[in-house]
Amino acid sequence: MMMAVAPSKSLIDRMPDVRGRLSVGASLAKVTWFAVGGPAEVLFKPADVDDLAHFLKQKPDDMPVTVIGVGSNLLVRDGGVPGVVIRLGRAFASIQINKADVTVGAGALDGNVALAAMEADVSGLEFLSGVPGTIGGGLRMNAGAYGAEMKDIVVGAVALDGKGNRHELSADDLGFSYRKSIVPADWIFVEAHLRGHAGQAVDIRARMDDIKFSREDSQPLRTSTGGSTFKNPEGHKAWQLIDDAGCRGLRVGGAQVSDKHCNFLINDGTATANDIETLGETVRKRVKETSGVELVWEIRRIGVALEKGMGT
């Protein structure tokens, strides 16, 4: 266990001059769906792509960088995140549609992209309305739901590497597989090129309504949660393995396995990040013991853990 991240003025002093917003010791619990976790040592919201590229080119090589979206599939540990946490804002949320081609910023919300496509009579993107998060996160993990994945609609993307160099990527370059792409972990997606097909708004809306009703019926949407916790192992459903292991409703502190959907962990309002991670690891252990299957986290976990008994 490590000590909590302390806001660092020296880190700010080493930052390149940027046009975007810098915040020392910014709370990350406020921007994650779990509503837990410690602060970012420094939070950086770039003004635009050029500002982000400038930062990456000029920053010291030993400066840690972590990129987050809207925190829908993210667990920030209680000790916070050292270094610079980058969060893409409105400048990265543009949506442009030309016939069936959709060009979007990596910071655009998946649901907003689905709505814009519907309004333009573009079908094939409806599943995005059931994927919480941003397009950038969807590219990173080949997000999917309701029978479709990003790989089905992505024709290309733009990313900046760790030195701020721009890369135009084809669908093959992305190397999508189940909840994964092969793009280097330190590259930051800034844009995606998607392609749907001609449709009718009324039919698209009906499909999106079906997805909405299905989510509301089967998922604990009105709680503090992080979405699907574990990837589905080949040949299995994670939720079924968890249920069969007797984990439905299992609690650790203020964290609980959802009674509504066993592959969701929820915060009852009193949980710490450690409660949630400990509960997840307990579930993994019980599933391994009962089925022999080792569950793999789908939720991204970042930051440092606090020593037991320490506050945030």
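We did not get these values from a lab; they are worked out from the coordinates using the rules stated. Just so we're clear, the structure is a prediction, and the values are computed from it rather than from any experiment. Cβ sites come from the backbone with ideal geometry, for glycine too, and all protein chains shown count toward neighbours.
Between residue 190 and 158, 159, 160, the built amide H atoms are under 5 Å apart, and every one of these is 5 or more places off in sequence or on another chain. The phi-based Karplus calculation (6.51 cos²θ - 1.76 cosθ + 1.60; θ = phi - 60°) puts the 3J(HN,Hα) values of the range 160-168 at 9, 7, x, 9, x, 7, 8, 10, 8 Hz, whole numbers, x for Gly and Pro.
Here's the list of lysines a cross-link from residue 237 could span, going by alpha-carbon distance under 19 Å and ignoring same-chain residues fewer than 8 apart: 180, 260, 285, 288. Taken one residue at a time, the phi angles of the range 55-69 give Karplus couplings (6.51, -1.76, 1.60, θ = phi - 60°) of 4, 5, 5, 9, 5, x, 4, 8, 8, x, 10, 10, 9, 10, x Hz. Gly and Pro are set to x.
Taking the Cβ-Cβ separation of residue 10 and residue 268 as r and a Förster radius of 45 Å, what is the calculated FRET efficiency to the nearest 0.05? All intermediate terms of the calculation are to be shown ahead of the outcome.
Working: r = 38 Å, r/R0 = 0.85.
Here the calculated transfer efficiency is 0.75.
If you run the Gaussian network model on the chain, springs between alpha carbon atoms under 10 Å, then out of 139, 22, 43 the most flexible one is 22.
In the range 205-293, which GluC sites (Glu not before Pro) are in a loop and have at most 13 other Cβ atoms within 10 Å, using DSSP for the loop call?
Numbers: sites: 216, 234, 277, 281, 289; in loops: 234.
Passing both the DSSP loop test and the Cβ count: 234.
Here is how the number arises for the chain: DSSP H runs of 4 or more residues each give -39500 (n - 2.57), the sum is divided by the residue count, and the result at 222 nm is -7500 deg cm²/dmol.
Each label was represented as a point 7 Å from its Cα along the Cα-to-Cβ direction; for residue 281 and residue 212 these points are 4.1 nm apart. Put simply, the amide H of residue 78, placed in the peptide plane, has neighbours under 5 Å in 38, 273, 274, 306, leaving out anything fewer than 5 places away on its chain. Exceedance of the 26 Å cut-off in Cα-Cα distance is limited, within the set 99/231; 99/151; 45/231, to 99/231; 45/231.
Of all DSSP beta bridges located in the chain, what percent are antiparallel, nearest 5?
Numbers: 41 of 52 bridges.
Looking only at bridges with both residues in the chain, the antiparallel portion is about 80 percent.
Placing R0 at 30 angstrom, the Cβ-Cβ distance between residue 180 and residue 24 gives a FRET efficiency of 0.35 after rounding to 0.05.
Hydrodynamic estimate: the Kirkwood radius of the chain over Cα pairs, inserted into Stokes-Einstein at 10 °C and 1.306 mPa s, corresponds to D of 78 µm²/s. Collect residues whose amide H, placed 1.01 Å from N in the peptide plane, falls under 5 Å from the amide H of residue 42; neighbours closer than 5 in sequence don't count. Placed amide hydrogens put 25, 83, 85 under 5 Å from residue 42.
Let me check I've understood the local charge: for residue 91, count other residues with C-beta under 14 angstrom from its C-beta, Lys and Arg +1, Asp and Glu -1. What total comes out?
+1
By the count of other C-beta atoms within 10 Å, a proxy for reagent exposure, 229, 103 are ordered fewest to most as 103, 229.
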